[in-house]
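Peer 1: I'd like to ask some things about the structure below.
The values are calculated or read from the model by the stated rules, or taken from the named source; none is laboratory data. If you're wondering where the values come from, they're calculated on a predicted model, not measured in any experiment. When we count neighbours, we look across all protein chains shown, and the Cβ atoms used for this are built from the backbone with ideal geometry, even at glycine. Protein only, heavy atoms only, side chains kept; ligands, DNA and RNA dropped before computing areas. Shrake-Rupley method; radii C 1.70, N 1.55, O 1.52, S 1.80 Å.
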Amino acid sequence: AVLKKRLVKLVVNFLFYFRTDEAEPIGALLLEQCRIIKEEENVFSISFIEEPERKYCFECDSKEQCQEWIEALKRASYEFMRRSLIFYRNEIQKMTGKDPLEQYGISEEARFQLGAHKQ
């Protein structure tokens, strides 16, 4: 394994990585169907379900920073955002008696699909 110093930036569910002396990213990881694991006190890894033998390791300056990155990356996936939307939609509906998505003109069909995958 070769260690390389990179800067990273999380944008929605993409983790962009940069060389330390360049403004344009040299690559990005789509944070879907991946596992984020704490490897050591200040090291975590990202691996993908379809390619488990390939692992991206990241070293942070502290264990606190490492934990912050792990939590942010786990919240970045589409699946996490979808589950959160369903949860909060249901909570608001319980409190107000109204579907909060209705005001945005979301069709009955789309709302059905959104609510159909409850876990």
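Peer 1: Skip the ligands, DNA and RNA, and give the accessible area per residue of the chain with a 1.4 Å probe, whole Å².
Peer 2: Working: 9030 Å² over 119 residues.
I get 76 Å² per residue for this part.
Peer 1: Once label points are set 7 Å from the Cα along Cα→Cβ at both E79 and V8, what is their separation, rounded to one decimal in nm?
Peer 2: 1.9 nm
Peer 1: Something else: Loop only per DSSP, at most 16 neighbouring Cβ atoms within 10 Å: give me the trypsin sites (Lys or Arg not before Pro) in the range 1-92, ordered by residue number.
Peer 2: Values: sites: K4, K5, R6, K9, R19, R35, K38, R54, K55, K63, K74, R75, R82, R83, R89; in loops: K4, K5, R75.
Sparse-neighbourhood loop trypsin sites (Lys or Arg not before Pro): K4, K5, R75.
Peer 1: How large, in percent, is the carbon and sulfur part of the accessible surface of the chain at a probe radius of 1.4 Å? Mind dumping the intermediate values first?
Peer 2: Numbers: 4690 of 9030 Å².
In the chain, the share of accessible area belonging to carbon and sulfur is 52 percent.
Peer 1: Right, here's the next one. Give me the compactness ratio for the chain, meaning the Cα radius of gyration over 2.2 N^0.38 Å. Kindly include the intermediate steps, with their values, before the conclusion.
Peer 2: Working: Rg = 18.3 Å, N = 119, 2.2 N^0.38 = 13.5 Å.
Normalised by 2.2 N^0.38 Å, the Cα Rg of the chain equals 1.35.
Peer 1: I've got another one for you. Give the calculated FRET efficiency between I86 and L30 to the nearest 0.05, with a Förster radius of 25 Å applied to their Cβ-Cβ distance. All intermediate terms of the calculation are to be shown ahead of the outcome.
Peer 2: Numbers: r = 22 Å, r/R0 = 0.87.
The calculated FRET efficiency here is 0.70.
Peer 1: May I pose another question? Quick check on my link table: of K38/K63; K5/K63; K74/K98; K5/K74, which ones sit more than 20 Å apart, alpha carbon to alpha carbon? Walk me through the numbers before you get to the answer.
Peer 2: Details: K38/K63 10 Å; K5/K63 18 Å; K74/K98 30 Å; K5/K74 22 Å.
As for pairs spanning more than 20 Å Cα to Cα, those are K74/K98; K5/K74.
Peer 1: Another question about this same structure. Please report the equivalent ellipsoid semi-axes of the range 7-76, computed as sqrt(5 x eigenvalue) of the Cα gyration tensor, largest first, in whole Å.
Peer 2: Details: eigenvalues 61, 52, 27 Å².
After scaling each eigenvalue by five and taking roots: 17, 16, 12 Å.
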